[in-house]
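One structure is given here, and the rest of the page talks about it.
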Amino acid sequence: MLELGEKFEELMKVMKRLRGPKGCDWDKAQTHDSLKPYIIEEAYELVDSIDEQDITKIKEELGDILLQVVFHSTIAEENNEFFTIEVIDELINKLVRRHPHVFGDEKGYSYARWEEIKAKENGEKNFSRIGKLNKALPALSLARRIQENAAAVGFDWVEVKDVLDKVKEEVEELNEAKTQAEVEEEFGDLLFALVNLARFLKIDPEVSLRKASEKFIERFTQMEKAIEKDGKEFEALNLEELDKYWELIKKEEKR
């Protein structure tokens with residue numbers, strides 16, 4: 001059996017052949033920009049596999065993400081931007097540098113220290129304990145990361161009851177909003193509070209909302225089938241009639 005290093009070298013050779021003169025036209029045409037959608041897609045597919053607790057799929061999806069690393073590294077080498085070994089070296093150095101409590105003399109993990117090291121790496125003069133956040137994250141994930149970072153330095157609610165009270169407060173403020181701008185602002189505050197509640201309940205809001213969306217799709221599809229089975233036209237039914245079918249589907253789920 002080949003060692004890890006030999007296997008990685010074999011993978012790089014496969015990628016370079018795909019990009020070579022006698023390689024695949026599609027692979028040869030790809031650029032850093034053209035591959036961006038695939039990075040996001042593969043990350044979500046890995047998350048789905050983890051949610052399903054499917055070890056075989058997790059292994060496969062990790063391979064697909066590794067492919068993206070190798071793909072971009074190969075393109076960079078072709079463009080004389082950087083070499084794959086530099087990617088690995090940078091990662092090793094970063095891990096060692098950001099864990100002085102493991103590889104140095106400092107005692108214990110400190111989130112504030114972690115962010116301080118990151119800020120110095122990026123040459124940032126105005127260090128904030130909230131951390132440098134990736135604003136390209138989905139909004140729910142960004143909100144959760146903000147709250148986790150604030151909590152890590154002691155700025156957090158004490159009990160889940162406090163968070164529930166905050167959610168109720170935001171609902172009241174949304175009800176009192178008059179202009180569209182006020183409604184949008186208060187709705188955002190409500191969502192932010194709900195993400196905080198999810199954090200206290202140890203729920204990933206992104207995953208939870210995705211499951212709720214999938215449940216709605218499944219119920220809606222079953223409702224369509226039930227209406228068709230009864231020989232009726234969906235568009236001919238009013239909201240009250242549709243709601244009866246909806247409740248029927250919900251009851252059947254509990255059987």
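Bear in mind these aren't lab numbers, they're just calculated from the coordinates by the rules spelled out. Note that the structure is a prediction, hence the values are computed from the model and not measured. Here the Cβ positions follow ideal geometry from the backbone for every residue, glycine too, while neighbour counts run over all protein chains shown.
Some values worked out for this structure:
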item	result
Residue satisfying condition, being in contact with a Phe, Trp or Tyr (Cβ under 8 Å, 6 or more places away or on another chain), surrounded by 14 or more Cβ atoms within 10 Å (Cβ to Cβ) and assigned to a helix (DSSP H, G or I), within set 219, 199	219
Search result, residues across the range 140-183 that are under 21 Å from residue 111 (Cα atoms), surrounded by 15 or more Cβ atoms within 10 Å (Cβ to Cβ) and of a type in the set (D, E, K, R)	144, 145, 156
Test: residue in the range 224-239 that is touching a residue at least 12 places away in the same chain (Cβ under 8 Å) and basic (Lys, Arg)	no
Hits in the range 184-198 (condition: among the aliphatic types (A, V, I, L, M) and either farther than 27 Å from residue 160 by Cβ or touching a residue at least 24 places away in the same chain (Cβ under 8 Å) (or both))	191, 193, 194, 195, 197, 198
Any helices (runs of 4 or more DSSP H) falling wholly within the range 68-132 and containing at least 3 residues that are closer than 25 Å to residue 43 by Cα and of a type in the set (A, V, I, L, M, F, W, C)	84-97
Odd one out for residue 231, checked against (1) over 20 Å from residue 146 (Cβ atoms); (2) of a type in the set (Gly, Ala, Ser); (3) not in a loop (DSSP other than H, G, I, E, B)	(3)
